[in-house]
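The values are calculated or read from the model by the stated rules, or taken from the named source; none is laboratory data. What you see is a predicted model; the values in this text were computed from it and never measured. Ideal geometry is used to build each Cβ from the backbone, glycine not excepted, and the neighbour counts take in all protein chains shown. Ligands, DNA and RNA are excluded from the accessible area calculation, which covers all protein heavy atoms including side chains. Shrake-Rupley method; radii C 1.70, N 1.55, O 1.52, S 1.80 Å.
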Amino acid sequence: MSELRSETIETGVKTKYSLSVILPAHNEEAAIAGTLQNVLETLTPWVQDFEVVVVNDGSKDSTKAIVEALAAADPRIRLINHPVNRGYGAALVSGFEAASKDLAFFMDSDGQFDIRDIAQFFPLIERFDAVLGYRIKRQDTWMRKLNAWGWKWLVRLVFGLRVRDIDCAFKLYRSQFFREHKLETRGAMINTEILYKFTRAGYTYTEVGVHHLPRKGGRATGARPEVIARAFRELIYYAWKWRAEERQQRRAYRAVLHE
């Protein structure tokens, strides 16, 4: 991997597209400054036009103050603040709505991903509408891994999505998708919703392995009972809703054919 990184740094600009980097953050005071520094230092020689949109989702620590100070020193950093915690999906939706560039990339701000892995994604976004990361040697507890495995197979059963790591927070999309499609979920269902609507609309994607690192601070919240319960409520409700919408669309299409 070190050979790949030195090569990519030497070769300069990696994409002709402008890029919005979306970083949802909840109580990440231990990692957010380092994450932002790494993003800025890595992307500056690679992307001619980029912005970093940090969505502070009701943090109770100094995350907001740290980002405000960094944004004051670098206009490429933008802060969106949720006064109260609204959920991971809500943070991503706020970021997507604020994204102003050609491509939208999101990554967790807890330091568990290496932004340099995005170098693999840029050539692929020329041929696909999205590039989805999947975690190599996931650095999480066995319980979180078990939950993720069960959720992946449930999503595959209910929605037919065959994605290796559906909730991996390292994905690159063409921004146009988010401008044309309304996102409805606000919790841990958000990645499932995006990919369900993405594939249903006929967009294409490919998958690439990315490195996953131990957390640098803060606490993971994805395995909290209330987070899991919300995900299941959203899955049940929206599976019913979206299928009803599809049936209605098919009926309308058949009616047009018989006119």
Could you grab me the full set of residues in segment 111-168 that are open to solvent by 50 Å² or more (accessible area, probe 1.4 Å), assigned to a helix (DSSP H, G or I) and within 14 Å of Val208 (Cβ to Cβ)?
Arg116, Gln120, Pro123
Please work out if Phe105 is buried (at least 20 other Cβ atoms within 10 Å of the Cβ), assigned to a strand (DSSP E or B) and not polar (S, T, N, Q).
yes
Tabulated pairs, segment 1-26, first at pLDDT 95 or above and among the polar types (S, T, N, Q), second crowded, with 16+ Cβ neighbours inside 10 Å and part of a loop (DSSP other than H, G, I, E, B), C-beta under 7 angstrom, 6+ apart or interchain:
Ser18/Lys101; Ser18/Asp102; Ser20/Ala99; Ser20/Lys101; Ser20/Ser175
Go through segment 169-259 and tell me which helices (runs of 4 or more DSSP H), entirely inside it, have 2 or more residues that are loosely packed, with under 14 Cβ neighbours inside 10 Å.
176-180, 225-257
Condition first: in contact with a strand residue (DSSP E or B) (Cβ under 9 Å, 6 or more places away or on another chain) and of a type in the set (Gly, Ala, Ser). Now tell me which residues in segment 71-85 satisfy that.
Ala71
Among what's in segment 46-61 and is open to solvent by 10 Å² or more (accessible area, probe 1.4 Å) and in contact with a Ser or Thr (Cβ under 9 Å, 6 or more places away or on another chain), pick the residue that is nearest to Ala98 (Cα to Cα).
Glu51
Looking at Leu92, Leu23, Leu70, can you tell me which residue is of a type outside the set (Phe, Trp, Tyr), in a helix (DSSP H, G or I), in contact with a helix residue (DSSP H, G or I) (Cβ under 9 Å, 6 or more places away or on another chain) and open to solvent by less than 10 Å² (accessible area, probe 1.4 Å)?
Leu92
